[in-house]
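The values are calculated or read from the model by the stated rules, or taken from the named source; none is laboratory data. Given the structure is predicted, the values throughout are model-derived calculations rather than measurements. Note that we place each Cβ from the backbone using ideal geometry, even for glycine, and neighbour counts take in every protein chain shown. We work out accessible area using only protein heavy atoms, side chains counted, and drop any ligands, DNA or RNA first. Shrake-Rupley method; radii C 1.70, N 1.55, O 1.52, S 1.80 Å.
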Amino acid sequence: MKPKVYVTRLLPKEAMDKIHSFCDAKVWKGELPPPRNVLLENVTDMDGLLSLLTDKIDAELMDRGQKLRVISNCAVGFDNIDVQEATKRGIIVGNTPGVLTDTTADFAFALLMAAARRVVEGDKVVRAGKWKTWGPMILLGQDVHGATLGIVGVGRIGLAVAKRAKGFGMKVLFSHVARNKQADDELGIETVDLDTLLAQSDFISLHTNLTPESRHLIGAKQFDKMKRTAILVNTSRGPIVDNMALYEALRSGKIAYAALDVTEPEPLPADHPLLTLDDVIVAPHIASASVATRTKMALMAAENLIAGLKGEMPPNPVNPEALRKP
Ligand code: DGY
């Protein structure tokens with residue numbers, strides 16, 4: 001008998017084929033995530049769960065899924081999962097690091113450049129029939145080359161963004177939520193404290209995990225420290241930024257621009273105050289959304305799922321200690 005798994009959204013075919021070849025899979029085919037009650041009902045007799053970042057996987061759900069042996073998240077971030085609870089229950093959790101690094105870094109850079117050079121505003125002007133002539137003062141933006149980029153969070157994606165920045169002749173500053181000299185030496189970088197980075201950077205790009213320490217890491221106090229010309233880019237997790245403080249900072253001219261792939265909440269309601277401002281770009285959490293990368297992520301999630309069902313260590317475990325429990 002094949003192990004039973006619940007898959008909370010349809011994934012690229014290659015991954016679905018892999019899952020079906022090893023598992024008896026029930027798949028939620030809706031475009032929106034399964035409602036909470038559906039998720040709770042469906043985990044009851046499942047051996048494994050393949051989840052997305054939109055699914056809240058907490059103690060209540062794990063209590064319902066008494067047979068769960070593995071939770072495989074199709075994302076590098078796993079702040080939607082209570083990993084501690086999973087570990088307590090001996091449930092292995094997997095994620096999809098590495099394969100989305102460059103795609104996400106490309107997108108962070110795309111947002112940075114679109115904000116600096118006001119690409120989205122320009123497009124709106126043209127579409128609205130407001131483009132009358134070439135003008136020496138029209139839609140003036142900021143230079144990327146030669147500017148200083150502050151990268152908050154020095155993981156794979158932060159470093160990949162730094163590589164792109166070097167190609168543009170930018171000066172790069174790094175900051176960690178928890179600074180660590182040994183980690184810096186291993187990475188061959190020097191970090192500065194967050195306040196220094198905020199004060200000196202023309203662009204600030206966020207690449208840190210969402211944890212209790214990093215929630216609202218960027219709020220009113222931090223906007224006060226930034227240059228009035230600063231451009232904030234967020235491709236990490238929405239709650240790292242206090243959205244209402246960002247709105248106030250933009251509205252009052254404390255900073256110049258923001259380009260966000262992630263927001264709090266997601267989706268951002270169409271009547272959210274941030275969307276009344278011209279100096280904000282909001283993308284719908286698509287930084288990893290290339291055909292190749294989403295396929296690789298789904299395959300990796302399928303592999304993590306299958307390994308966990310076999311009682312093996314998944315290729316990318318978040319809590320390897322869960323399997324070592326008696
Ligand atoms: C992740 O994987 O955590 C991204 O936010 C979505 O690709």
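For the range 87-96, name all the residues that are touching a helix residue (DSSP H, G or I) at 6+ places or on another chain (Cβ under 7 Å) and surrounded by fewer than 19 Cβ atoms within 10 Å (Cβ to Cβ).
Arg89, Gly90
Checking each residue in the range 28-63 for being in contact with a Gly (Cβ under 8 Å, 6 or more places away or on another chain) and open to solvent by 20 Å² or more (accessible area, probe 1.4 Å) picks out Thr44, Leu53.
When Ala115, Ala108, Ala128, Ala160 are checked against the criterion of being over 30 Å from Leu50 (Cβ atoms), surrounded by 12 or more Cβ atoms within 10 Å (Cβ to Cβ) and hydrophobic (A, V, I, L, M, F, W, C), a single residue qualifies: Ala115.
Among the helices (runs of 4 or more DSSP H) confined to the range 205-315, the ones with at least 1 residues that are among the polar types (S, T, N, Q), touching a residue at least 60 places away in the same chain (Cβ under 8 Å) and within 16 Å of the ligand (Cβ to nearest atom) are located at 291-309.
Out of Asp261, Asp193, Asp202, report the one residue that is open to solvent by less than 70 Å² (accessible area, probe 1.4 Å), closer than 21 Å to Phe78 by Cβ and not hydroxyl-bearing (Ser, Thr, Tyr).
Of the residues listed, the single one that is open to solvent by less than 70 Å² (accessible area, probe 1.4 Å), closer than 21 Å to Phe78 by Cβ and not hydroxyl-bearing (Ser, Thr, Tyr) is Asp261.
Just to be sure, is Ile151 of a type in the set (A, V, I, L, M), within 24 Å of Ile255 (Cα to Cα) and surrounded by fewer than 16 Cβ atoms within 10 Å (Cβ to Cβ)? No: the conditions fail for Ile151.
One line per residue, one yes/no per condition, for (1) touching a Gly at 6+ places or on another chain (Cβ under 8 Å); (2) of a type in the set (A, V, I, L, M); (3) closer than 22 Å to Ala259 by Cβ:
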residue	(1), (2), (3)
Ala178	no, yes, no
Ile189	no, yes, no
Leu206	yes, yes, yes
Pro212	no, no, no
His216	no, no, yes
Lys221	no, no, yes
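Scanning the range 268-299 for residues that are open to solvent by less than 30 Å² (accessible area, probe 1.4 Å) and closer than 23 Å to Gly98 by Cα yields Ala283, Ala287, Ser288, Thr293, Thr295, Met297, Ala298. For beta carbons closer than 6 Å, sequence separation of 6+ or different chains, a first residue in the range 34-55 that is closer than 18 Å to Ala301 by Cα and among the aliphatic types (A, V, I, L, M) and a second that is open to solvent by 30 Å² or more (accessible area, probe 1.4 Å) and within 16 Å of the ligand (Cβ to nearest atom), the qualifying pairs are Leu52/Arg9. Restricting to the range 16-27, name every residue that is open to solvent by less than 30 Å² (accessible area, probe 1.4 Å) and not aliphatic (A, V, I, L, M). Once the filter is applied, which keeps residues that are open to solvent by less than 30 Å² (accessible area, probe 1.4 Å) and not aliphatic (A, V, I, L, M), the range 16-27 yields only Cys23. Scanning the range 64-86 for residues that are surrounded by fewer than 23 Cβ atoms within 10 Å (Cβ to Cβ) and more than 11 Å from the ligand (Cβ to nearest atom) gives Arg64, Gln66, Lys67, Arg69, Asp82, Val83, Gln84, Glu85.
Of the residues making up the range 175-190, just one is among the basic types (Lys, Arg) and either open to solvent by less than 70 Å² (accessible area, probe 1.4 Å) or touching a residue at least 12 places away in the same chain (Cβ under 8 Å) (or both), namely Arg179.
Considered as a group, the residues in the range 1-15 that are part of a helix (DSSP H, G or I) and touching a residue at least 40 places away in the same chain (Cβ under 8 Å) include one that is most open to solvent (accessible area, probe 1.4 Å), and that residue is Glu14.
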